[in-house]
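Following: one structure in structure tokens, then a few remarks.
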Amino acid sequence: MSARWEKASGAGGVAFSPDWRFASFSSSGHYQLRYIVANESFRVDAQVAIQVAARVSRGLLALYTFQEG
């Protein structure tokens, strides 16, 4: 089985860490990321919307906000 992230759409480039735990965005804007899990027989995926703002603090690594509904 394999699992990975990929950029479905977005304002700039996205680089993922080798273990797929971190993503770096080249510019602020709206992104759609897709998570894919596959084996020899099946493939499933899900998408998440990300809004990347301009850097607000040198020490800030990530700021997560969620809106349901």
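The values are calculated or read from the model by the stated rules, or taken from the named source; none is laboratory data. Since we're looking at a predicted model, the values are computed, not measured. With ideal geometry, Cβ positions are generated from the backbone for all residues, glycine too; neighbour counts draw on all protein chains shown. All accessible areas refer to the heavy atoms of the entire protein, side chains included, with ligands and DNA or RNA removed. Shrake-Rupley method; radii C 1.70, N 1.55, O 1.52, S 1.80 Å.
Among the residues of region 11-29, the ones that are part of a strand (DSSP E or B) and open to solvent by 40 Å² or more (accessible area, probe 1.4 Å) come to 5 in all.
For region 37-53, the candidate set comprises residues that are free of Cβ contacts under 8 Å to residues at least 12 places away in the same chain and assigned to a loop (DSSP other than H, G, I, E, B); within that set, the residue that is least open to solvent (accessible area, probe 1.4 Å) is Ser41. Could we say that Arg34 is open to solvent by 90 Å² or more (accessible area, probe 1.4 Å), under 13 Å from Arg4 (Cβ atoms) and modelled with pLDDT of 90 or more here? Spelling it out, it is not the case that Arg34 is open to solvent by 90 Å² or more (accessible area, probe 1.4 Å), under 13 Å from Arg4 (Cβ atoms) and modelled with pLDDT of 90 or more.
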